[in-house]
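Visitor: For reference, the structure I am asking about is given below.
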Amino acid sequence: MEKKQYERPIIKSLNQGLMNKFGSRTEYTPMTHIDGCAVKDLLEEYGSPLFVMSERKIRDNYRNTKRIFETRYPKVQFAWSYKTNYLNAVCNVFHQEGSWGEVVSRFEYEKALNNGVPGNKILFNGPDKTDDDLRAAIKNDSPIHIDHLDELYRLTEIATELNVNPRVAIRVNMDTGIYPMWDRFGFNYENGQAWDAVNKIMANGKLKLVGLHCHIGTFMLAPNAYGIAATKMADLAKSIKNRYNKMVSYIDMGGGFASKNTLKGSYGLGADSVPEISQYAEAICSALLNAGFDNDELPYLYLETGRALIDDAGFLLGSVISNKRLSDGRRATILDFGVNIMFTSFWYDHKISPAQEFGQHTEDSVLYGPLCMNIDVIRENVTLPPLKAGDQVVVHTVGAYNITQSMQFIALRPAVVMIDMKGEPHVIKTKEVLETLEKGEVLPDYLSKFSL
Ligand SMILES: *Cc1c(COP(=O)(O)O)cnc(C)c1O
């Protein structure tokens, strides 16, 4: 018989309640492997902490979501939201699956082009496109999603000067019953701004209005909001058809579907309580199908889904540095990764699993990162077995936004590994070193010497 690991007895204060209808939270089931790779081996090989992406999970998520939409609507096209995770390996998995690119900045645009996405399959969004960006997009025939009137006028001027008719869509914002409204982007539907922008485009004849775009929010918990948005988009498309006898070729519903993460303060675990993709799909597809378009003029449905496709394909592996008792007696565990690489810990209670077997004891703990900063809290309160220095953990559902929003604050950023379909790990981004951080720094000569 294998000898059981010794665990020191602990005295634990009893907390009332905190049971909900899903039972008490059992987040500490060990996770020793990801797609067949041992967490222990990955950390030994590539260092701790380490981001791990599961190619299998990305492809599964994509195929599943695509199937759900395609069974409900005949013309569907996905465009990968680069800012959600723009590691080239990740983007290329999506492109291999047939997804176009959706970008909100010039460097993302260049990334998509460099990845080999044809220009006419890169949707250019965002409020900050320079004249130079617009020229590049025109040259590559990329659909330009206009955000505001100044952009509309500048683009008209450039189109006139180049004597071309760029393909454009307008970004539309609207009241979907979810507040605060994301009305800082695009043209408002209810107050007539969107209709005004349409009329300006149609009147000057320089821009080719091919689509309508919206992105109503992010981590949206109400599928019905998408139904309302799709209905308003369809109404706008029909008004264009009525007045100009021209049908837009696509309606882009953006992204914003919730991932399986748990928002702070929510009642159940996100994995149990966020809407299913099929609920969003049902709301959107029914609204478009029932809007009254002629069958041969049904617009394409574009989707720019980000976090819902990638969040649970990303893991952050790390190690315990130390334990201590806070002044109120609570157990505090210090991990070797902080909020500089786990930005989303500000609004999610990420699921965290120990990466090795444990006994029956658990204790409420606070999990801190290694940064010298009080806000470096990974979990404010989580029930875990007593982790000790050197133990390893797996943070779940970190595939969206953490890598793109990470920064070198106190700690450099770790390597990222992708585990392929056969269970082989590949480095897709190397661990940063001091030179990475100092690249681009310039030290003026006169500051190069001192004596102390
Ligand atoms: C960020 C963004 C997305 C992706 O949003 P998710 O919430 O990650 O699905 C899609 N479209 C636009 C315009 C965006 O800005």
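Visitor: Run the reach check for K111 against aspartates and glutamates, Cα to Cα strictly under 13 Å, same-chain hits fewer than 8 apart removed. What comes back?
Guide: Counting by Cα, and skipping residues close in sequence, K111 has these aspartates and glutamates nearby: E102.
Visitor: Taking amide hydrogens as modeled 1.01 Å from N in the peptide plane, which residues meet the under 5 Å criterion relative to L335, leaving out close sequence neighbours?
Guide: Amide H to amide H, under 5 Å and 5 or more residues apart or across chains, L335 pairs with I321, Y368, G369.
Visitor: Something else about it: Could you sort out which of K351/K388; K121/K238; K83/K422; K208/K238; K129/K208; K57/K422 sit more than 23 Å apart by Cα distance in this structure?
Guide: With Cα atoms farther than 23 Å apart: K121/K238; K83/K422.
Visitor: Hey, another quick one. For the stretch 126-303, what is Rg from Cα atoms divided by 2.2 N^0.38 Å, rounded to two decimals? Walk me through the numbers on the way to the answer.
Guide: On the way: Rg = 17.2 Å, N = 178, 2.2 N^0.38 = 15.8 Å.
Ratio of Rg to 2.2 N^0.38 Å for the stretch 126-303: 1.09.
Visitor: Percent of accessible area on the chain owned by carbon and sulfur, 1.4 Å probe? It would help to have the intermediate numbers written out before the result.
Guide: Values: 11110 of 21530 Å².
Roughly 52 percent, rounded to a whole number.
Visitor: Further question: Put E44, E110, E102, E441 in order of accessible area, largest first, 1.4 Å probe: what do you get?
Guide: My answer, sorted largest first, is E44, E441, E110, E102.
Visitor: For F185, what residues show an amide H to amide H distance below 5 Å, using hydrogens built from the backbone and excluding near sequence neighbours?
Guide: none
Visitor: While we're looking at this one, here's another question. Show the residues, 5+ positions off or on another chain, whose built amide H is closer than 5 Å to the amide H of F409.
Guide: none
Visitor: What number, rounded to the nearest 500 deg cm²/dmol, is the helix-based mean residue ellipticity at 222 nm of the chain, given -39500 (n - 2.57) per DSSP H run of at least four residues and division by all its residues?
Guide: On the way: 12 runs with 125 residues, N = 452.
Calculated from helices alone, the mean residue ellipticity at 222 nm is -8000 deg cm²/dmol.
Visitor: Mind scanning K206/K241; K40/K324; K139/K232 and naming the pairs with a C-alpha gap bigger than 20 Å? Can you show the working numbers first?
Guide: Working: K206/K241 18 Å; K40/K324 24 Å; K139/K232 32 Å.
Violating the 20 Å Cα-Cα cut-off are K40/K324; K139/K232.
Visitor: Also: Say the dipole of the chain comes from +1 at the beta carbon of Lys and Arg and -1 at that of Asp and Glu; which of H426, Y73, L123 then lies farthest toward its positive end?
Guide: Positive-end residue among those listed: Y73.
The values are calculated or read from the model by the stated rules, or taken from the named source; none is laboratory data. These figures come from a predicted structure and were not determined experimentally. Glycine gets a Cβ as well: all are built from the backbone with ideal geometry, and neighbour counts include every protein chain shown. What goes into the accessible areas is simple: the full protein's heavy atoms, side chains included, and nothing from ligands, DNA or RNA. Shrake-Rupley method; radii C 1.70, N 1.55, O 1.52, S 1.80 Å.
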